[in-house]
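The values are calculated or read from the model by the stated rules, or taken from the named source; none is laboratory data. Just so it is clear, the model here is predicted, and its values are computed rather than measured. Reconstructed Cβ throughout: ideal geometry from the backbone, glycine too, with neighbour counts over all protein chains shown.
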C-alpha cells in the first residue's frame, strides 16, 4: 500500500460559505482559535470581518496559516447569528478584541504641525486622548456622510459613527478636516 500525499487545493476565485452547524471553535491558552470543520482541524485560525464598517456579524472570513507560512481561507461565515450561543460568543469576543476601536465622543482641538501630521485632542470611550495622525488626508476620513474613521501614527484606530451627534463645538473643530 502506498502513502498518498494529500495536496491542498486552493481556489482564490471561489467563495466557500461555511455551514455554521459544523463549526467547532475552541480558544487555546495562547488566545488563538482552533477550528474543527468537516473532519479537519485548523490551528491559529484568524477571523476577519470582510465588511467591518457596515457589519460586525456578517461575512466573517476564517483563515489559517499553512506549513509554508501562507494564509489560506477556510471559508466564510455568512451570518454569525447562525452559530450556537457558545460559538457566537467565542467568535464575537475574539473579533471585538481584534477590531477594538474606541469611539470619539468629543473633539477639543485639531492642530496641524505643517509637516504632514495633525494632533487631535479628543474624548473617546477609552478616555481623553491626543491622537497623532500622519498623512491626515488618508488616515482621517469620512467613510460616509456621518462616519469618521481615524488611523493614528501607531496604527490605533478610532471612529465616530455619527459626527452630527457630536456637540456643536466638536463639529466646528472637525469642519476644516472633514
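For region 31-59, which positions are within 20 Å of the chain's Cα centre (by Cα) and outside any strand (DSSP E or B)?
Within region 31-59, 31, 32, 50, 51, 52, 53, 54, 55, 56, 57 meet the criteria.
For region 60-96, enumerate the residues that are more than 15 Å from the chain's Cα centre (by Cα), under 14 Å from residue 33 (Cα atoms) and touching a residue at least 60 places away in the same chain (Cβ under 8 Å).
The answer is 87, 90.
Identify all residues within region 135-167 that are over 19 Å from residue 99 (Cα atoms), in contact with a strand residue (DSSP E or B) (Cβ under 6 Å, 6 or more places away or on another chain) and modelled with pLDDT of 95 or more; write none if there are none.
Across region 135-167, the qualifying residue is only 163.
Listed here are the residues, each with its yes/no results for (1) surrounded by 15 or more Cβ atoms within 10 Å (Cβ to Cβ); (2) without any contact (Cβ under 8 Å) to a residue 24 or more places away in the chain.
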residue: 98; (1), (2): no, no
residue: 113; (1), (2): no, yes
residue: 121; (1), (2): yes, yes
residue: 136; (1), (2): yes, no
residue: 142; (1), (2): no, no
residue: 147; (1), (2): yes, no
residue: 164; (1), (2): no, yes
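Being over 10 Å from residue 105 (Cα atoms) and surrounded by fewer than 17 Cβ atoms within 10 Å (Cβ to Cβ) is the filter here; which residues of region 166-178 pass it? Give the steps one after another, and end with the answer.
The first filter runs over region 166-178 and keeps only residues over 10 Å from residue 105 (Cα atoms), leaving 168-169, 171-178.
Those that are over 10 Å from residue 105 (Cα atoms) and surrounded by fewer than 17 Cβ atoms within 10 Å (Cβ to Cβ): 168, 169, 171, 172, 175, 176, 178.
When region 149-161 is examined, which residues are found to be more than 12 Å from residue 174 (Cβ to Cβ) and surrounded by 12 or more Cβ atoms within 10 Å (Cβ to Cβ)?
Selection gives 149, 151, 152, 153, 156, 157, 158, 159, 161.
Just one of the numbered conditions (1) within 30 Å of residue 41 (Cβ to Cβ); (2) outside any strand (DSSP E or B) is not true of residue 76; which one?
(2)
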